[in-house]
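Below is one structure; the comments refer to it alone.
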Amino acid sequence: MRAFITPVAILILVIGGSVWHAHAIGAYTENCITGIDDAIRFSTAENWPAVKAALALSHTHWEKHRSYLRITVSHSTVDAADSMYSRAKAFAETEEITEFRAEIAGLRALLLQLAEAERLLLENIL
(Lines give C-alpha, C1' and ligand atoms only; values in the text may rest on other atoms or scores of the structure.)
Protein backbone atom coordinates (compact mmCIF):
# COMPACT_ATOMS: atom_id res chain seq x y z
CA MET A 1 0.00 0.00 0.00
CA ARG A 2 2.82 2.42 0.83
CA ALA A 3 4.34 1.85 -2.59
CA PHE A 4 1.30 3.49 -4.20
CA ILE A 5 1.27 6.68 -2.13
CA THR A 6 4.18 8.40 -3.88
CA PRO A 7 3.03 7.67 -7.46
CA VAL A 8 -0.54 8.71 -6.63
CA ALA A 9 0.71 11.93 -5.01
CA ILE A 10 2.82 12.70 -8.08
CA LEU A 11 -0.13 11.98 -10.36
CA ILE A 12 -2.34 14.33 -8.34
CA LEU A 13 0.32 17.06 -8.57
CA VAL A 14 0.66 16.61 -12.33
CA ILE A 15 -3.09 16.71 -12.88
CA GLY A 16 -3.43 19.74 -10.59
CA GLY A 17 -0.66 21.55 -12.46
CA SER A 18 -2.28 20.74 -15.78
CA VAL A 19 -5.64 22.07 -14.63
CA TRP A 20 -4.00 25.25 -13.33
CA HIS A 21 -2.07 25.71 -16.60
CA ALA A 22 -5.20 25.28 -18.73
CA HIS A 23 -7.05 27.80 -16.57
CA ALA A 24 -4.15 30.28 -16.71
CA ILE A 25 -3.85 30.11 -20.50
CA GLY A 26 -7.62 30.52 -20.82
CA ALA A 27 -7.55 33.60 -18.58
CA TYR A 28 -4.56 35.14 -20.41
CA THR A 29 -6.09 34.70 -23.84
CA GLU A 30 -9.54 35.81 -22.65
CA ASN A 31 -8.13 39.13 -21.46
CA CYS A 32 -6.30 39.62 -24.76
CA ILE A 33 -9.41 38.75 -26.75
CA THR A 34 -11.49 41.23 -24.75
CA GLY A 35 -9.17 44.02 -25.89
CA ILE A 36 -9.27 42.73 -29.45
CA ASP A 37 -13.07 42.63 -29.40
CA ASP A 38 -13.09 46.23 -28.17
CA ALA A 39 -10.72 47.21 -30.99
CA ILE A 40 -13.00 45.51 -33.52
CA ARG A 41 -16.03 47.32 -32.11
CA PHE A 42 -14.25 50.68 -32.21
CA SER A 43 -12.99 50.04 -35.74
CA THR A 44 -16.59 49.60 -36.90
CA ALA A 45 -17.23 53.17 -35.73
CA GLU A 46 -13.82 54.18 -37.17
CA ASN A 47 -12.80 55.55 -33.77
CA TRP A 48 -9.08 55.08 -34.37
CA PRO A 49 -7.79 56.53 -31.07
CA ALA A 50 -10.01 54.04 -29.20
CA VAL A 51 -8.92 51.22 -31.55
CA LYS A 52 -5.27 51.96 -30.81
CA ALA A 53 -5.90 52.15 -27.06
CA ALA A 54 -7.81 48.85 -26.99
CA LEU A 55 -5.19 47.12 -29.09
CA ALA A 56 -2.39 48.52 -26.92
CA LEU A 57 -4.13 47.26 -23.78
CA SER A 58 -4.52 43.80 -25.31
CA HIS A 59 -0.89 43.77 -26.42
CA THR A 60 0.28 44.91 -22.98
CA HIS A 61 -1.58 42.01 -21.41
CA TRP A 62 -0.02 39.63 -23.95
CA GLU A 63 3.46 40.98 -23.23
CA LYS A 64 2.90 40.65 -19.48
CA HIS A 65 2.49 36.88 -19.83
CA ARG A 66 4.73 36.33 -22.85
CA SER A 67 7.57 34.70 -20.90
CA TYR A 68 5.26 32.11 -19.40
CA LEU A 69 3.69 31.48 -22.80
CA ARG A 70 7.10 31.01 -24.48
CA ILE A 71 7.95 28.38 -21.88
CA THR A 72 4.67 26.47 -22.02
CA VAL A 73 3.35 26.70 -25.57
CA SER A 74 4.77 26.45 -29.07
CA HIS A 75 7.28 29.18 -29.90
CA SER A 76 5.80 29.45 -33.38
CA THR A 77 2.40 30.32 -31.90
CA VAL A 78 3.89 33.03 -29.69
CA ASP A 79 5.95 34.39 -32.60
CA ALA A 80 2.88 34.39 -34.87
CA ALA A 81 0.87 36.34 -32.30
CA ASP A 82 3.71 38.84 -31.85
CA SER A 83 3.84 39.40 -35.61
CA MET A 84 0.09 39.74 -35.86
CA TYR A 85 0.01 42.30 -33.05
CA SER A 86 2.72 44.30 -34.84
CA ARG A 87 0.88 44.24 -38.16
CA ALA A 88 -2.45 45.11 -36.51
CA LYS A 89 -0.82 48.09 -34.78
CA ALA A 90 0.68 49.25 -38.08
CA PHE A 91 -2.68 49.01 -39.85
CA ALA A 92 -4.35 50.89 -36.98
CA GLU A 93 -1.72 53.63 -37.23
CA THR A 94 -2.34 54.04 -40.96
CA GLU A 95 -6.11 53.56 -40.48
CA GLU A 96 -6.27 50.80 -43.09
CA ILE A 97 -9.67 49.43 -42.10
CA THR A 98 -9.76 46.41 -44.43
CA GLU A 99 -6.25 45.25 -43.61
CA PHE A 100 -6.76 45.96 -39.91
CA ARG A 101 -9.95 43.90 -39.73
CA ALA A 102 -8.33 40.98 -41.55
CA GLU A 103 -5.27 41.01 -39.29
CA ILE A 104 -7.21 41.43 -36.07
CA ALA A 105 -9.60 38.63 -37.04
CA GLY A 106 -6.61 36.35 -37.64
CA LEU A 107 -5.09 37.32 -34.29
CA ARG A 108 -8.36 36.66 -32.50
CA ALA A 109 -8.64 33.25 -34.15
CA LEU A 110 -5.04 32.41 -33.19
CA LEU A 111 -5.65 33.27 -29.54
CA LEU A 112 -8.87 31.26 -29.47
CA GLN A 113 -7.01 28.32 -31.00
CA LEU A 114 -4.25 28.66 -28.40
CA ALA A 115 -6.73 28.55 -25.54
CA GLU A 116 -8.54 25.58 -27.07
CA ALA A 117 -5.30 23.64 -27.61
CA GLU A 118 -4.35 24.04 -23.95
CA ARG A 119 -7.74 23.04 -22.51
CA LEU A 120 -7.85 19.78 -20.63
CA LEU A 121 -9.81 17.69 -23.10
CA LEU A 122 -9.42 14.05 -23.98
CA GLU A 123 -8.75 14.95 -27.62
CA ASN A 124 -5.88 17.22 -26.53
CA ILE A 125 -4.36 14.50 -24.37
CA LEU A 126 -4.48 11.70 -26.92
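Filtered by the rule that a residue be within 23 Å of Glu99 (Cβ to Cβ) and surrounded by fewer than 14 Cβ atoms within 10 Å (Cβ to Cβ), region 61-75 gives a lone residue, Glu63.
Residues of region 62-91 that are of a type in the set (A, V, I, L, M, F, W, C) and in contact with an Asp or Glu (Cβ under 9 Å, 6 or more places away or on another chain): Trp62, Val73, Met84, Ala88, Ala90, Phe91.
Listed here are the residues, each with its yes/no results for (1) modelled with pLDDT of 90 or more; (2) over 12 Å from the mean Cα position of the chain (by Cα); (3) not in a helix (DSSP H, G or I).
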{"site": "Ile10", "(1), (2), (3)": "no, yes, no"}
{"site": "Asn31", "(1), (2), (3)": "yes, no, no"}
{"site": "Phe42", "(1), (2), (3)": "yes, yes, no"}
{"site": "Ser58", "(1), (2), (3)": "yes, no, no"}
{"site": "Ser76", "(1), (2), (3)": "yes, yes, no"}
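Give me a count of the residues in region 102-126 that are modelled with pLDDT of 95 or more and of a type in the set (Lys, Arg). Within region 102-126, residues that are modelled with pLDDT of 95 or more and of a type in the set (Lys, Arg) number 1. Within region 12-29, the set of residues being at pLDDT below 85, under 17 Å from Thr77 (Cα atoms) and among the small types (Gly, Ala, Ser) comprises just one member, Ala22. Residues that are surrounded by 15 or more Cβ atoms within 10 Å (Cβ to Cβ), of a type in the set (A, V, I, L, M, F, W, C), in contact (Cβ under 8 Å) with a residue 12 or more places away in the chain and touching a Gly at 6+ places or on another chain (Cβ under 9 Å) are absent from region 91-112 altogether.
Checking each residue in region 34-92 for being touching a Phe, Trp or Tyr at 6+ places or on another chain (Cβ under 7 Å) and of a type in the set (Phe, Trp, Tyr) picks out Trp62, Tyr85, Phe91.
The values are calculated or read from the model by the stated rules, or taken from the named source; none is laboratory data. Everything numeric here is computed off the predicted structure, so don't read it as measured data. Note that each Cβ is placed from the backbone with ideal geometry, even for glycine, and that neighbours are counted across all protein chains shown.
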